[in-house]
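These notes concern the structure reproduced below.
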Amino acid sequence: MGASPAGCSGVSTVGPVLLSAATFCIGRRRSKGNLPVSRSFCLNFGQSTWGCLSQGHIPVSERCRKAPAAIAKHQRTRNRHVSLQIRDLSVSPPVLLAPLAGITDLPFRSLVASFGAGLVVSEMVACREIVTGRIEARERAELGADVAGTSVQIAGRDPHWMAEAARLIEASGARIIDINMGCPAKKVVGGMSGSALMREPDHALRLIEAVVGAVNVPVTLKTRLGWDDDCLNAPQIARSAEGAGVQMITIHGRTRCQFYKGAADWAAIALVKQAVGIPVIANGDIMDAATARRALDLSGADGVMVGRAAQGRPWLLAQIAHDLFGTPPPQIPTGDAFTDMVTKHYGAMLMFYGSDLGLRVARKHLGWYMDHANTPAPLRHRVLTAQTPAEVMALLPDALGNSALNARQAA
């Protein structure tokens, strides 16, 4: 087992002053630009009629429509459970939004949830940063007033900081704490966290035990197949995690050394499913209903987690749930409705981040929306180089006007 990095012994009382649960406030941001942000920030993209995360059992009949008997080729997948159980929480449908750094902030999670995702996961939050009060870390863990089905993902190396972060996040109202053991980024791995922990299963287990012991809400784990092809230890780590009290495991079907190259090996996830009795979620290369169905068939997993494919298509998870589990179809926006959705999302980002930072953060999302709309290159350039939110807002109707022609490509 590798040694912890210097400065990560964690239990020392010397250093930054810790925030208590009583004083901890997620989501409060300094005013930037001319748009101050309220602590009680709330987005309203509309109410989902079936996506949910709730205490106790949710009758399947209230959440989905039965699959048409005539569609025999889809019957096996549609016969899967339309919900999965994370201890005392029922998640329906079992189609989850992956944590994506710089992407799955509160505005985007709220939008995806409004179409009908079973669970949305926050950006990865560095545990020490959130405990010591760094505002950017608290933003990443922002839950919002209207998104109950949110899991907050934490990352770190030291059991003390991981446990403290979990306590504070639970006190903020989080229903699930997720542990990151899958991030392949050099900066994260260089700090001996994320997927680097797969090379230190004993230390990883201590982290898991610390988090599980610190909170009353369910704790889940997201990891990969292993460090490399010579270290495919996900089944062993999953068994240890289950023994420590983890309630669900998500497996990205690549090793750390693959990063995002090659194809996700969904069949290898089956070894994890066979090793544990808790729900297993398949992740990696889930692009649409066809790939989601294939991933479930090969892995035997209980659900799927969608990541990059949802960029610019916030309805995708609901569409996959409809095609696989017979839930009501999402109303995919086209024409003016598409422009209205993007405009509201843009406004929510400005409200959340402030006008100056929001202008910059929103550009990647606008780029993905314009990909969907086949926006002409000159107009796209004007939108992405605009210097004020007002200029962007004025350009959006023309920039997104082709979306009605591309509705068929949405699913």
### Query
Distance in nm between label sites at D398 and A377, each 7 Å beyond Cα in the beta-carbon direction?
1.8 nm
### Task
Obtain the nm distance between the two label points defined at D336 and T385 by a simple spin-label model: each point lies 7 Å from its Cα along the Cα-to-C-beta direction.
3.2 nm
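I need the peptides 240-249, 121-130 ranked by packing, meaning the mean over residues of other C-beta atoms within 10 angstrom, with the highest value on top.
121-130, 240-249
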#### Entry: Dmax and Rg, reported as Rg then Dmax, of region 111-189 (C-alpha, Å)
12.5, 38
### Message
Let me spell out the model: positive unit charges on the Cβ of Lys and Arg, negative unit charges on the Cβ of Asp and Glu, origin at the Cα centre of region 335-401. What dipole size does that give, in debye rounded to 20?
### Response
220 debye
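Sorted by average packing, counted as other Cβ atoms within 10 angstrom per residue and highest first, what order do 201-207, 383-389, 268-274, 113-119 take?
Highest mean packing first, the order is 113-119, 268-274, 201-207, 383-389.
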### Summary
For region 139-294, using Cα atoms only, the Rg and Dmax in Å read 15.0, 45
### Query
Over all Cα pairs of region 335-401, how is the pair count split among 5 Å bins, expressed in % and running from 0 up to the last occupied bin?
3, 20, 34, 28, 13, 3
### Task
Run the quick spin-label model on A263 and R206: label points 7 Å from Cα toward the beta carbon, then report their separation in nm to one decimal.
4.1 nm
### Message
Calculate the FRET efficiency for D230 and D356 from the Cβ-Cβ distance with a Förster distance of 45 Å, rounded to the nearest 0.05.
### Response
0.40
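Rule-based calculations on the coordinates, nothing more; no lab input. The structure displayed is predicted, hence computed values, not measured ones. Please note: Cβ atoms are built from the backbone with ideal geometry, for glycine as well, and neighbour counts cover all protein chains shown.
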